[in-house]
Amino acid sequence: MYKDKSGDDMDDTVARQMQALFVLCEAIDRAGSTEPAKIQAALKATDLKPDQIMMGYKGVKFDDKGQNILASGLIIQLQDGENYVSVWPKASAEKTPIMPYKGW
């Protein structure tokens, strides 16, 4: 969807932004309204599972401060000069990190 509209591959920043938009759209659908209070209540009730989102998070669920308590980090590394692969955390790693990193 992103590449069709922009002509560019999606990077991590764009992916997080699109995920946020999709979470908001899903909450608006559940709210059944565009009234701010109803959307806010729907966002507070959000509980998306990993298979419902595009990011590699454990899901989307907000705490009382509005932080996604199921978000998680993923570290990738350029290997073989052209392939980005996940290297951490181990449970999500496609390959072992190459250390020391040899650069571009």
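The values are calculated or read from the model by the stated rules, or taken from the named source; none is laboratory data. In this text the structure is predicted, and so the values were computed from the model without any measurement. Cβ placement follows ideal geometry from the backbone for every residue including glycine, while neighbour counts extend to all protein chains displayed.
Miscellaneous remarks
- Within the range 48-68, the set of residues being within 25 Å of Ala93 (Cα to Cα) and outside any loop (DSSP other than H, G, I, E, B) comprises Leu48, Pro50, Asp51, Gln52, Val60, Lys61, Asn68.
- Restricting the range 72-104 to residues that are part of a loop (DSSP other than H, G, I, E, B) and under 18 Å from the mean Cα position of the chain (by Cα) leaves a set whose member that is farthest from Phe62 (Cα to Cα) is Glu94.
- Residues in the range 33-48 that are of a type in the set (D, E, K, R) and surrounded by fewer than 12 Cβ atoms within 10 Å (Cβ to Cβ): Glu35, Asp47.
- Test result for Ala93, more than 18 Å from Ala27 (Cβ to Cβ) and either modelled with pLDDT of 90 or more or assigned by TED's automatic domain parsing to the domain that holds Leu24 (or both): yes
- Qualifying residue in the range 25-32 (condition: charged (D, E, K, R), surrounded by 12 or more Cβ atoms within 10 Å (Cβ to Cβ), assigned by TED's automatic domain parsing to the domain that holds Asp9 and under 16 Å from the mean Cα position of the chain (by Cα)): yes
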